[in-house]
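S.K.: This is the structure I have questions about; it appears just below.
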């Protein structure tokens with residue numbers, strides 16, 4: 001039976017978590033977990049810069065994580081970062097240090113992608129996933145809301161409110177005052193109004209809370225005798241009164257709340273209380289499933305060749321009415337040219353092939369906006385749309401490939417000179433030139449080979465003579481690459497080996 005160790009690393013706004021699991025068939029069995037209370041969101045200033053103290057706390061935690069996972073293969077580890085690193089202006093510089101400390105790449109995921117992964121994790125812990133569930137995950141910097149059934153999300157949303165930010169803003173110094181609590185609850189309800197009507201119209205059979213804030217509140221209510229199971233509206237009212245009487249977090253006697261949770265407890269409570277009010281909830285159960293478990297199950301899908309990213313690409317082809325025959329022709333030729341430079345089945349080149357295929361499949365979606373400069377529209381859509389399964393880094397890469405598939409290469413000249421993306425760009429551009437007429441006839445044998453620091457495309461002489469427009473476009477392509485100081489030339493041959 002298939003067994004493999006996999007690991008998820010969650011760089012949350014409040015805490016960093018690591019989860020190692022074993023894949024057995026279609027299930028994941030958690031083996032080991034680590035948690036570090038980093039409070040990354042607390043280091044985010046009004047200028048949206050992450051301060052040095054928070055960065056150092058984060059790096060120390062990641063170095064400790066590295067000791068646990070350094071011997072795992074690269075494809076067995078997926079690290080994702082959430083809200084604080086979505087909004088921090090200096091996130092790119094910090095991520096370079098963070099990846100070095102962890103020893104693995106880190107993906108910054110969009111809010112709705114975070115919500116999707118949370119639901120995947122929660123759904124795998126529910127006793128009856130056939131029920132329609134409202135899942136709420138209060139994080140350090142954002143709160144995710146999902147309605148789903150049978151492992152499939154129906155509604156996904158991420159709102160910019162979290163237990164760290166709310167605790168700092170409305171409960172400074174740990175003081176719990178009636179005015180501050182009321183302001184926090186009203187602020188949360190104001191955010192919730194944006195999703196209230198569509199969520200209530202969709203409806204749910206059961207409300208589920210996940211992650212630290214929901215767990216700590218559920219534990220307090222049950223251990224204080226204010227709830228016989230899960231989180232209840234009555235229990236929250238009693239806890240609210242208890243907090244106001246205490247007046248300060250240091251004076252709160254809350255069974256079940258760990259020391260590292262106490263400083264952000266009030267912020268998390270105010271958000272959850274507002275959710276109960278706005279959605280008119282009476283009861284919420286707690287689930288141990290969360291983002292990190294969802295990441296592991298997403299990895300499981302990739303191992304079994306059920307990569308959600310493939311489904312997303314197909315959905316985008318339908319949504320934007322892509323000329324499927326053209327996309328398939330461009331993809332086939334681009335991949336064939338790429339295979340001549342990167343033969344074999346190594347994991348790294350396999351990943352490059354997937355991105356080249358996805359870019360080829362989607363390079364024309366901008367035509368749905370306008371024909372003029374459609375490649376720019378394509379790049380904008382790919383960079384900014386919600387694309388389930390893709391991280392922001394993935395989307396940025398697809399957008400770059402699409403932007404560069406025609407026209408001036410100067411638009412991507414900031415790309416690292418040694419990046420593998422240059423070869424992908426070349427293969428995609430050549431495939432688009434050859435198939436510009438959209439005849440979908442099989443191209444002649446073409447051979448792409450290294451030529452010093454550049455590349456040479458060998459093509460049949462008779463084909464170049466019979467295709468003057470394509471020949472002219474290929475010659476123009478030489479000038480595009482020369483302007484960047486990169487070598488590319490076309491050579492006419494009487495006989496050329498078969499493509500592939």
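Where a number appears in this text, it was derived from the coordinates with a stated rule and is not lab data. A quick note: this is a predicted structure, and the numbers were derived from the prediction, not measured. Cβ: placed from backbone, ideal geometry, glycine included. Neighbour counts: every protein chain shown.
S.K.: Considering only C-alpha atoms, what is the centroid distance from the range 188-205 to the range 388-467, in Å?
M.R.: Value for the Cα centre distance between the two parts: 46 Å.
S.K.: Here's another thing I want to ask about it. Apply the a/c threshold of 1.5 to the C-alpha gyration tensor of the range 224-294 and tell me whether it is rounded, prolate or oblate. Walk me through the numbers on the way to the answer.
M.R.: Details: a/c = 1.64, a/b = 1.18, b/c = 1.39.
Oblate, because a/c is 1.5 or more while a/b does not exceed b/c.
S.K.: Subtracting the Cα-Cα distance from 0.36 nm times the residue separation, let me have the gained length for residue 26 to residue 250 in nm, one decimal.
M.R.: 76.1 nm
S.K.: Relative to a virtual label point 7 Å from the Cα of residue 34 in the Cα→beta-carbon direction, which members of the range 83-116 show backbone nitrogen distances below 18 Å?
M.R.: Those under the cut-off are 97-107.
S.K.: If you don't mind, there's one more thing I want to ask. In degrees from 0 to 90, rounded to the nearest 10, what is the angle of the helix 308-319 Cα long axis to the longest principal axis of the chain?
M.R.: With rounding to tens, the tilt is 70 degrees.
S.K.: Ok, one more. In deg cm²/dmol, rounded to 500, what helix-only [θ] at 222 nm does the chain give when every DSSP H run of at least 4 residues adds -39500 (n - 2.57) and the total is split over its residues?
M.R.: Using -39500 (n - 2.57) per qualifying helix, the result is -15000 deg cm²/dmol.
S.K.: State, as an integer percentage, the relative contact order of the chain based on alpha-carbon contacts under 8 Å between residues 6 or more apart.
M.R.: On the way: 915 pairs, mean separation 61.1, N = 500.
The normalised contact order for the chain reaches 12 percent.
S.K.: If you don't mind, there's one more thing I want to ask. With each label point set 7 Å from Cα along the Cα-Cβ vector, what nm distance links residue 438 and residue 462?
M.R.: Reported label-point gap for residue 438 and residue 462 is 2.9 nm.
S.K.: Round to the nearest 0.05 the FRET efficiency obtained for residue 449 and residue 200 when R0 = 60 Å and r is the Cβ-Cβ distance.
M.R.: Details: r = 61 Å, r/R0 = 1.02.
Step by step, r from the Cβ atoms, then E = 0.45.
S.K.: Can you give the extra length, in nm with one decimal, that the chain gains between residue 241 and residue 93 once fully stretched, where that is 0.36 nm per residue apart less the Cα-Cα distance?
M.R.: Numbers: separation 148, 0.36 × 148 = 53.28 nm, distance 4.43 nm.
The residue 241-residue 93 span can extend by a further 48.9 nm.
S.K.: Can you give me the angle between helix 421-434 and the longest principal axis of the chain, using Cα atoms only, in degrees from 0 to 90, rounded to the nearest 10?
M.R.: Taking Cα atoms only, the helix is inclined about 50 degrees.
S.K.: How compact is the range 103-228 by the rule of thumb for globular proteins, expressed as Cα Rg over 2.2 N^0.38 Å?
M.R.: 1.15
S.K.: So what's the gap between the Cα centers of the range 1-57 and the range 266-310, to the nearest angstrom?
M.R.: Taking the Cα centre of the range 266-310 as reference, the centre of the range 1-57 is 15 Å away.
S.K.: When only alpha-carbon atoms count, how far does the range 307-441 stretch along each of its three principal axes, as whole angstroms with the largest first?
M.R.: In descending order, the Cα extents are 36, 35, 31 Å.
S.K.: As an exercise, use a Förster radius of 56 Å and the Cβ-Cβ distance of residue 182 and residue 71 to find the FRET efficiency, rounded to the nearest 0.05. Can you show the working numbers first?
M.R.: Values: r = 52 Å, r/R0 = 0.92.
That pair, residue 182 with residue 71, gives E of 0.60.
S.K.: So in the chain, what percent of DSSP beta bridges are antiparallel if you round to the nearest 5?
M.R.: 65
S.K.: Please give the contour-minus-distance gain from residue 486 to residue 60: 0.36 nm per residue of separation, less the Cα-Cα distance, rounded to one decimal in nm.
M.R.: Values: separation 426, 0.36 × 426 = 153.36 nm, distance 4.10 nm.
Stretched fully, the residue 486-residue 60 segment lengthens by 149.3 nm.
S.K.: Label points 7 Å out from Cα along the Cβ direction at residue 48 and residue 367: separation in nm?
M.R.: The answer from the label model is 3.5 nm.
S.K.: If a paramagnetic tag sat 7 Å from the Cα of residue 5 along the Cα-Cβ line, which residues of the range 27-71 would have the backbone N under 12 Å from that point?
M.R.: Taking a point 7 Å out along Cα→Cβ of residue 5, the residues of the range 27-71 whose backbone N falls under 12 Å are 31-33, 67-71.
S.K.: Okay, moving on. What is the calculated FRET efficiency for residue 324 to residue 493, with r their C-beta to C-beta distance and R₀ = 45 Å, to the nearest 0.05?
M.R.: Efficiency, rounded to the nearest 0.05: 0.90.
S.K.: Return the whole-Å distance between the Cα centroid of the range 143-163 and the Cα centroid of the range 68-138.
M.R.: If you average the Cα positions of each part, the centres end up 14 Å apart.
S.K.: On average over all directions, what projected area in square nanometres does the chain have, based on the convex hull of its Cα atoms?
M.R.: Numbers: hull surface 102.8 nm².
With every direction weighted equally, the projected area is 25.7 nm².
S.K.: Work out the P(r) tail for the range 18-158: percent of alpha carbon pairs separated by more than 26 Å, whole number.
M.R.: Details: 3118 of 9870 pairs.
Tail of the P(r) past 26 Å holds 32 percent of the pairs.
S.K.: On alpha-carbon atoms, Rg over Rh for the range 352-402 using Kirkwood Rh?
M.R.: Here Rg/Rh amounts to 0.95.
S.K.: On C-alpha positions alone, give me the angle between the axis of helix 347-362 and the longest principal axis of the chain, in degrees, nearest 10.
M.R.: Computed tilt is about 80 degrees.
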